Amino acid sequence: MSTTTPAITDAPVRIDTPRRGGTARAARKALSSRVASVVAIVIGVLWTIPTAGLLVTSFRSAKDINTSGWWTAVTNPSFTLDNYREALTGGTTNSLAQFFINSIVITVPAVLLPILLASLAAYAFAWMHFPGRDTLFVAVFALQIVPIQVTMIPLLTMFNKAHFSGSYWSVWIAHTIFALPLAVFLLHNFMREIPGELIEAAKVDGAGHVRIFFGVLMPLLTPALAAFGIFQFLWVWNDLLVSLVFLGGVPELAPLTVRVAELSGTRGTAWYLLSAGAFISIIVPLLVFLGLQRYFVRGLLAGGLKG
């Protein structure tokens, strides 16, 4: 009885494994399908309808608003700019122009200050070695869990003792304090993705920390700074609580959000002014977002990529 021994060859054994990136390609294909596109369009239309209705209402007269819905403007268009004219130049009672300027005065420093301080702190946590660095970074990150409402009374007490209450400084400092933990965390994560060879090469050339930060890292941080700047700008511009607490007693320094809230409370029937005021308040954030959109997307994606 003869037996045969299978031939032994050097051919590699093939093991069936899922192709690399198959899951990602499947997800990309599902998201780019016609069904996903239709769903996205439907959600976008439903999301836009209330804003479109408010926009149409802001251009209609008070009589039309009180007698018909905004959708009737499609078949019977009747528009006017009197609402915006009255909202901006309607005297000391209804004018929003001064409050619009107050919002700009509040927002610009409240965006630049946390960006400057957070970028310096993030550089120290990312590329400087000192005792307790990791513990301090965790402590800064943990400050994000502190609710803003909890800090209002202690901050107001401190500002009153320092004679800062009722001034722009109180709002600038408050917004900077609230923004720093998140800003430091985001910018630190972005800086850690920068290759260390760039820092080492700059040190070999004799560059110090100041030159490395401003000459090497700052040009690379543009997307991250723009992304956080958009977040902070939208937060400060649309803020009502902080301004109401720290500037509530000084109406001439109040931002646009406070005045629009007062309009809704004292002139709840004047929808033509409320709708116009609402769009006056969102025009600047809309322009900022559209102007910096490409940096915003790059800043969100860059922190999760290496290489």
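The values are calculated or read from the model by the stated rules, or taken from the named source; none is laboratory data. Here the structure is a predicted model, which is why all the values come from computation and not from measurement. Using ideal geometry, Cβ is built from the backbone for each residue, glycine included, and neighbour counts are taken over all protein chains shown.
Here are ALA226, ALA254: which of them is touching a Leu at 6+ places or on another chain (Cβ under 9 Å), in contact (Cβ under 8 Å) with a residue 24 or more places away in the chain and closer than 15 Å to ALA118 by Cα?
The unique qualifying residue is ALA226.
In the set VAL258, VAL236, VAL250, which member is more than 30 Å from TRP127 (Cβ to Cβ), under 23 Å from the mean Cα position of the chain (by Cα) and of a type outside the set (Ser, Thr, Tyr)?
Every option except VAL258 fails the conditions.
State yes or no: is ALA52 outside the structural domain of TYR272 (by TED's automatic domain parsing) and either touching a residue at least 12 places away in the same chain (Cβ under 8 Å) or surrounded by 15 or more Cβ atoms within 10 Å (Cβ to Cβ) (or both)?
Spelling it out, it is not the case that ALA52 is outside the structural domain of TYR272 (by TED's automatic domain parsing) and either touching a residue at least 12 places away in the same chain (Cβ under 8 Å) or surrounded by 15 or more Cβ atoms within 10 Å (Cβ to Cβ) (or both).
Working carefully through the options ARG298, ARG267, find the one that is at pLDDT below 70, touching a helix residue (DSSP H, G or I) at 6+ places or on another chain (Cβ under 9 Å), closer than 23 Å to LEU244 by Cβ and not aliphatic (A, V, I, L, M).
So the residue among ARG298, ARG267 that is at pLDDT below 70, touching a helix residue (DSSP H, G or I) at 6+ places or on another chain (Cβ under 9 Å), closer than 23 Å to LEU244 by Cβ and not aliphatic (A, V, I, L, M) is ARG267.
Return a yes/no flag: does the stretch 100-114 have any residue that is surrounded by 11 or more Cβ atoms within 10 Å (Cβ to Cβ), farther than 30 Å from PHE214 by Cβ and at pLDDT below 80.
Scanning the stretch 100-114 turns up no residue that is surrounded by 11 or more Cβ atoms within 10 Å (Cβ to Cβ), farther than 30 Å from PHE214 by Cβ and at pLDDT below 80.
Which ones in the stretch 124-147 are under 22 Å from the mean Cα position of the chain (by Cα) and either in a loop (DSSP other than H, G, I, E, B) or among the small types (Gly, Ala, Ser) (or both)?
ALA142, VAL146, PRO147
Does at least one position in the stretch 22-35 carry a residue that is loosely packed, with under 10 Cβ neighbours inside 10 Å, at pLDDT 80 or above and part of a helix (DSSP H, G or I)?
The answer is yes, given that some residue of the stretch 22-35 is loosely packed, with under 10 Cβ neighbours inside 10 Å, at pLDDT 80 or above and part of a helix (DSSP H, G or I).
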